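The values are calculated or read from the model by the stated rules, or taken from the named source; none is laboratory data. What you are looking at is a predicted structure, and each value in this text was computed from that prediction instead of being measured. Note that each Cβ is placed from the backbone with ideal geometry, even for glycine, and that neighbours are counted across all protein chains shown.
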Amino acid sequence: MQGVLVIGATGDQGAAQVDVLRAAGWAVVAAVRQPGDPRIPPGVDSVPLDLHAPETLAPALAGVDTVFLNLPSASFNDPEWILQGFENFLKAAEKAAISRIVFNASLYVGPSETGHVAHDTRLRIIERLFASSVDATAVCPVIFMDNLLRGWALPSLRDRQVLSYPHNPDLPVSWICLSDVARIMLAVATDPAAVNRRLVVGGPEALRGEQTAAALGRAWGRPIRFESLPVAQFARQMGQLFAPDDPATAARIERDLAAVYRWYNESVPSPFTVDMREFLSRYSLELQTVETWAKAHPLSQEYIPTGGARHPQSAGQAS
Ligand SMILES: NC(=O)c1ccc[n+]([C@@H]2O[C@H](COP(=O)([O-])OP(=O)(O)OC[C@H]3O[C@@H](n4cnc5c(N)ncnc54)[C@H](OP(=O)(O)O)[C@@H]3O)[C@@H](O)[C@H]2O)c1
């Protein structure tokens, strides 16, 4: 049985990885900042770990050979703070001779810098991982189906039957669910050919907004239409949602998200569009469609938005 430490296990992405790893028979240890965190399921071992408390890292890494690494946002937090926590971890992982790190970049990361802070911070992390002495794989999921049930999309779906999202109407989007991201991380974790690979992954189909709305409508048994939310409006809402008491951070989130969403919409091909056929045949994986996922996730279910600013960015932070 292989021992795996999940960093970020209290977030919804890490939680899905804990579930998938347990189901596959791995010995899972969940990293927590607060001992006894109630978000860790009963029966799952946990260990205290804070990326900014280096003394917690060696004890947490003792006895595991694999790490599933999830990190907070570099848009909503100071990127240098994210990088410092990551460097602390990497140093400890090298010292502990961890045999594999599977990094969930949590978003699309391309081969070179784009000028978008979240993207470029993730790229730096991936480059550092690949230059390290630990075998590493970066999984870069483009956009989560699970977003549809979070605070920025759910109210409109539930109250108006409208999928309101900042996507151009003709943008094909490869939505992927969190449990499939976790299954992909598991699949690549033991594949020697995945070492030092940056894998951009999406779901099994690329749907335009009205197609996504129709799939949700079929699953939830009610008509749902698509509304292309203006990027500026979306970015403003996200700033207020994630930094309600911090106008400077809200403004920075708004600026960064507006820029990156314009890039998502205007790039050809869009970072949101992924052809998964070759990948899926290599790993014999079948991923959930939007309709299948939505059938298992009733519209009444509401997630409390997680994430947000924990360490406000310094003034003048470049985007
Ligand atoms: N592609 C998409 O569709 C999509 C959608 C949503 C989010 N994202 C991206 O996903 C990433 C994560 O977002 P999120 O909202 O899930 O993040 P989050 O909740 O802020 O943090 C994720 C995890 O990191 C842990 N963590 C935070 N600081 C830590 C530290 N110092 N030491 C150890 N663990 C620490 C958190 O633990 P605590 O619970 O203790 O805070 C949590 O488990 C971001 O980059 C975001 O942009 C992408």
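I'd like the residue in segment 155-167 that is in a loop (DSSP other than H, G, I, E, B) and within 16 Å of the ligand (Cβ to nearest atom) and, out of all such residues, is surrounded by the most Cβ atoms within 10 Å (Cβ to Cβ).
HIS167
Which members of segment 120-141 meet the condition of being within 16 Å of the ligand (Cβ to nearest atom) and either in contact with a Pro (Cβ under 6 Å, 6 or more places away or on another chain) or among the basic types (Lys, Arg) (or both)?
Once the filter is applied, which keeps residues that are within 16 Å of the ligand (Cβ to nearest atom) and either in contact with a Pro (Cβ under 6 Å, 6 or more places away or on another chain) or among the basic types (Lys, Arg) (or both), segment 120-141 yields THR121, ARG122, ARG124.
Identify, please: which residue in segment 49-70 is touching a helix residue (DSSP H, G or I) at 6+ places or on another chain (Cβ under 6 Å) and closer than 21 Å to THR121 by Cβ and is, among those, surrounded by the most Cβ atoms within 10 Å (Cβ to Cβ)?
Top of the filtered list is PHE68.
Taking the condition more than 9 Å from the ligand (Cβ to nearest atom) and at positive phi, does GLY115 pass?
For GLY115, the condition - more than 9 Å from the ligand (Cβ to nearest atom) and at positive phi - is met.
Go over the candidates SER106, SER75 one by one and state the one that is on the phi > 0 side of the Ramachandran plot and surrounded by 15 or more Cβ atoms within 10 Å (Cβ to Cβ).
Only one candidate passes the filter, namely SER106.
Looking only at segment 143-154, decide whether some residue is within 17 Å of GLN237 (Cα to Cα), surrounded by fewer than 23 Cβ atoms within 10 Å (Cβ to Cβ) and without any contact (Cβ under 8 Å) to a residue 24 or more places away in the chain.
For segment 143-154, residues within 17 Å of GLN237 (Cα to Cα), surrounded by fewer than 23 Cβ atoms within 10 Å (Cβ to Cβ) and without any contact (Cβ under 8 Å) to a residue 24 or more places away in the chain: present.
Mind checking which pairs have a first residue in segment 94-122 that is without any contact (Cβ under 8 Å) to a residue 12 or more places away in the chain and more than 18 Å from GLU254 (Cα to Cα) and a second that is outside any loop (DSSP other than H, G, I, E, B) and within 16 Å of the ligand (Cβ to nearest atom), Cβ under 6 Å, 6 or more apart or different chains?
GLU113/ASP120
Can you tell me which residues in segment 109-128 are in contact with a strand residue (DSSP E or B) (Cβ under 8 Å, 6 or more places away or on another chain), surrounded by fewer than 24 Cβ atoms within 10 Å (Cβ to Cβ) and not β-branched (Val, Ile, Thr)?
Answer for segment 109-128, where residues must be in contact with a strand residue (DSSP E or B) (Cβ under 8 Å, 6 or more places away or on another chain), surrounded by fewer than 24 Cβ atoms within 10 Å (Cβ to Cβ) and not β-branched (Val, Ile, Thr): GLY110, PRO111.
Quick one: what pairs do we get from segment 279-301, first residue at pLDDT below 95, second among the charged types (D, E, K, R) and crowded, with 16+ Cβ neighbours inside 10 Å, C-beta under 8 Å, 6+ apart or different chains?
Close Cβ pairs satisfying both conditions: HIS297/ASP146.
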